[in-house]
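Just so it is clear, none of the values below were taken in a lab; they were calculated from the coordinates. From a predicted model like this one, the values you see are computed outputs, not experimental measurements. As a convention, Cβ positions derive from the backbone with ideal geometry for all residues, glycine included, and neighbour counts pool all protein chains shown.
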Amino acid sequence: MTLRYPGPPARAWAPCDNPGMGHDDRYDELIASLGGFHRSWLVYLGIELGLFQQVRAARESGVTTAELAAATGTHPAAVDAWAWASDAHDLTTFDDGRLVIDEDVAAILLDGDRADFLGGQFVHAVVASMDWGGMPEFFRTGKPIAERPERYRKAIATLTRQDIAVFFQEVLAALPQLVADLSRGGRVVDVHCGGGRWLVAMAQRFPALELVGVEFEADSVARARAIVADAGLSDRIDIREAKATDPGKVGEYDLAYFQYALHQLPDAAQVLRAAWAALRPGGRLIVLDWPLPSGQDEFRTRHGEIIAGVQLDELYQGTALASRERFLAWFADAGLPDPTSIDLPSGAAVFLAERVD
C-alpha cells in the first residue's frame, strides 16, 4: 500500500525555471545565483562564529560591529565587512551603525528543533564545498574522495538536527498510533546511528523506551557514547559497534529506524532484511530519508535544485541519494511487504513497513 500525502508547500517546491526567459532575465537569474554563493558563506560565518546568535540576543536595540566583534572574539574590520554584506543580502539590517536580525530569519537559521531549520543545510553545503578541490579529478576518474576531515563530520551533526526535527514534527504527526505505542515503551534500534542524537531525543521524549544504536564506524561509536553519557542516558541507550547487517537478535525490537542512512549503505536490501528479522511480531521498520526527485519536473523546483547539489557531494564521497522508486525496490529485494510511503512537508519522505506475523 502506498499513500501519497499532499506535496510539500510552495516555498520548497516552487518551479525555479522559466523556459520563456529572455537574455536579460537569464543574466539576472545567473547573477543572483552568483550572489547566492556569497550569501551561503555569510550564513555559514554567521552561524559558525556566533554572529547571528549575538545579533538575535540584542533584539530590537541591535548591536554595533565593535560590540559584536568583542562578544564573538572576532576582528572588528572583518565583522564590519560581514555586517555590510549581510545587510546587502537581506540577512540582517544595518542602520545607524547597529545590526538587527528579523526573528523569522533567525529562527530558520538557528533553531535546530524546527522542521524548517536551514542552518544545517547552509553549514553542510559550505563545509562540503571546502573539499571540492578534487571534484574535477573525480569527474575525470570516477574515484571518490578517500576521507572527509573532522569539520565535515561536525557539519553533518548540525545537519542532523533538521532530520531529528522532521521526525518529531512530521513523521510522528503522520503516525499517531506509533506515538501511542512508543509512549507505552518498547525496544528500539537506530541502524547506522552516527552520533546518536536521535536516540537521545527519543529517550527524552519517550521515557519508557529502551534504545540501541548500531554503528560500524569506530569514531562515530565513540562520539555517540560520549553524547549519550553527557545526556545522562547510558542506562537506557546502548551503543553497539557492529555492522548494519547485524542489528541484533531475532525478534529483539519493536522499532527499527534508519535516518538518512539506508542510501549510504552498499547492501541496502540485506540491511533491511536483517532489521526486519530483528523485529518482534507487530514491530515496525521506518526509513526516513530525502529522496532524489523521480522526474525532470520535480528536479526543476527549488527543492530539486538543492537535492541535485547534495547528490553531487554524495557521489563525490562514494555514496548516492536514491529515488522513491529505488527505496521501494530495496524493500522488494529484501522480501519485505510493500511499505507505506509518505511524502512530508519538508521534502523528506518516510517508508513504513509493519510486521504482522
Taking r as the C-beta separation of residue 88 and residue 137 and R0 as 30 Å, the FRET efficiency to the nearest 0.05 is 0.30
Could you compute the FRET efficiency for residue 180 and residue 96, with r as their C-beta to C-beta distance and R0 at 45 Å, rounded to 0.05?
-> 0.25
How far is helix 23-48 tilted off the main Cα axis of the chain, in degrees rounded to 10, range 0 to 90?
-> 70 degrees
Lysines with Cα under 28 Å of residue 154, excluding same-chain neighbours fewer than 8 positions away | 143, 243
Out of 293, 281, 176, any idea which swings most in a Gaussian network model of the chain, alpha carbons joined below 10 Å?
-> 176
Calculate how steeply helix 76-88 sits against the longest principal axis of the alpha-carbon atoms of the chain, using the helix alpha-carbon long axis, and give the answer as 0 to 90 degrees to the nearest 10.
-> 80 degrees
Can you work out the FRET efficiency for the pair residue 219 and residue 267, with r the C-beta to C-beta distance and R0 = 22 Å, to the nearest 0.05?
-> 0.55
For the chain, what is the relative contact order in percent, using Cα pairs closer than 8 Å and at least 6 residues apart in sequence?
-> 18 percent
Relative contact order, percent, region 10-128 [alpha-carbon distance under 8 Å, six or more residues apart] | 25 percent
In degrees rounded to 10, the 0-90 angle between helix 302-316 Cα long axis and the longest Cα principal axis of the chain is 70 degrees
Order of 33-44, 187-198 by packing, highest average Cβ count within 10 Å first?
-> 187-198, 33-44
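Restricting everything to alpha-carbon atoms, can you work out Rg to Rh for region 10-128 with a Kirkwood hydrodynamic radius?
Details: Rg = 15.8 Å, Rh = 15.5 Å.
That ratio is 1.02, to two decimals.
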When the gyration tensor of the chain is built from Cα positions, what are the square roots of 5 times its three eigenvalues, in whole Å, from largest to smallest?
-> 37, 25, 20
